[in-house]
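One structure is given below, encoded as structure tokens.
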Amino acid sequence: MTFHVAWTYIITFLDFFGISIFIPLLSGHLKSLGASHFFIGVLSSVYAGCQLLSGPIIGSLSDRLGRQNILIFCLIITCVSYFLMGLTNSLFFMLFLRITLGIFKHIQSLTRTIIADHISSKEQTIIFGRINAIAGISFTLGPAIGGHFAEFKNGFFYICSFTSFIFMLNIAIVYFYLEDSPRDKMKKEDKKYVNKIELTNLIKIIPNNLIDAIRRLGNINWNEYLDLFLIKFLTSVAKDCYVNNYSIKVRERFQVSAKLIGYSLSLQGFFAALSGLSIRYSNKLLFKNKLNLEKHNIMIHIFVSLCYLVVAFTERVEIFVFFGMLLAFANVILRVREAEILFERCPESERGSLTGMGTSITNIARMLTPLIVGIVEDIYGLGSGIILGLIISILAIFVSINANRTKAVIMKND
């Protein structure tokens, strides 16, 4: 069967659309069940922590058992978990389901790995840019539709059921249209093993291969990718320093209404989508010759740092909002570049494992940054979180420069 990248766009849209309907209303539902703010925070941290631990393992399983098989398995678990969330009123069972989702919901990392398996590196820039644009569109539409569902009696049940149905659609799409690519570089015994797998006995196969998948992680030369993971971590922390408690920062700093804050967030989402759609043209504008991913990455990091500098010290809300839009635009390009550089450097047989590790790095940042920013802002004031993001972004510039020099030395020696 011929691979059509359009199916990955549909999967991405449905995945983010389902999340954007569900997540904004989760905290309110938990509060109605009697959950404390601490419990709601624990629910978020536990999810990120489970994503952190399970990402590389799920990726390694996909390297061994096939992307399509593991993606379908994860989608089935995700579909059932969201449906059960709509049925339960138990906070502890809700916690269990969030843990389950944290372990198995790796839809985007697996989808991106499938794209890298089928699409040449020259075309991946455009594909990943469009995916980020689709994500921005999904998060623009989803909350509004979720809000209408919430107005019904038992609205949260309808939201969970609708989200579960969305993942059922994704299961069908993956099953019929996202077959694994031929793996010419795979060891013969692995290739023979993958061909024997059928979806009906996948549940039996996964536990038997879990230990082997973990063992295969130990065979990867992680030192070769430390610079990329460090850059990804610093980029994620810097961004989270900016977005953490965004509404409170803007309202108290500029004394503006909630409506204006909402508009600013919508504009940032629009510019994120615009960035993904226009990434091909930005490449042609900035690099008429062959694209050097590492140098481009350094340039974007410098631009992002300048944006953080402006939003940290400006006294005008118009300038703050405008450069926030530029930040949203540039951060999408950074995410695309990080994925491209990783896929360019790693062999096909390790893509799943390394993509999973990248997801784990992002979740480490999501776990640590709110705590760090909270401590810093308690000591130094509300705007100090963005200044911290500026410092970390500048550090990412130097790490990126060093990574580019290291690559140049390696290429010269080769």
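Summary table below
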{"read-out": "Carbon + sulfur, % of accessible area of segment 62-102 - ligands and nucleic acids excluded, 1.4 Å", "value": "76"}
{"read-out": "Long pairs among K153/K249; K105/K295; K31/K232; K153/K239; K105/K249; K105/K232, criterion Cα-Cα beyond 28 Å", "value": "K153/K249; K105/K295; K31/K232; K153/K239; K105/K249"}
{"read-out": "Solvent exposure, largest accessible area first (probe 1.4 Å, DNA, RNA and ligands not counted), of S349, S32, S81", "value": "S32, S349, S81"}
{"read-out": "Principal axes of segment 53-164: Cα extent on each, largest first, Å", "value": "50, 30, 20"}
{"read-out": "Inter-probe distance in nm under a simple model that places probes 7 Å from Cα toward Cβ, at A6 and T314", "value": "4.0"}
{"read-out": "Efficiency of FRET from Cβ geometry, E123 and E179, R₀ 25 Å, rounded to 0.05", "value": "0.85"}
{"read-out": "Segment 17-167 - accessible surface per residue (Å², probe 1.4 Å)", "value": "38"}
{"read-out": "Net lengthening on full extension, L141/N402 (0.36 nm per residue, minus Cα-Cα)", "value": "89.9 nm"}
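The values are calculated or read from the model by the stated rules, or taken from the named source; none is laboratory data. Not measured: the values here are computed from a predicted model. Here Cβ is always computed from backbone atoms with ideal geometry, including for glycine, and neighbour counts include all displayed protein chains. Just so you know, the surface numbers come from the protein's heavy atoms only, side chains and all, with ligands and any DNA or RNA stripped out. Shrake-Rupley method; radii C 1.70, N 1.55, O 1.52, S 1.80 Å.
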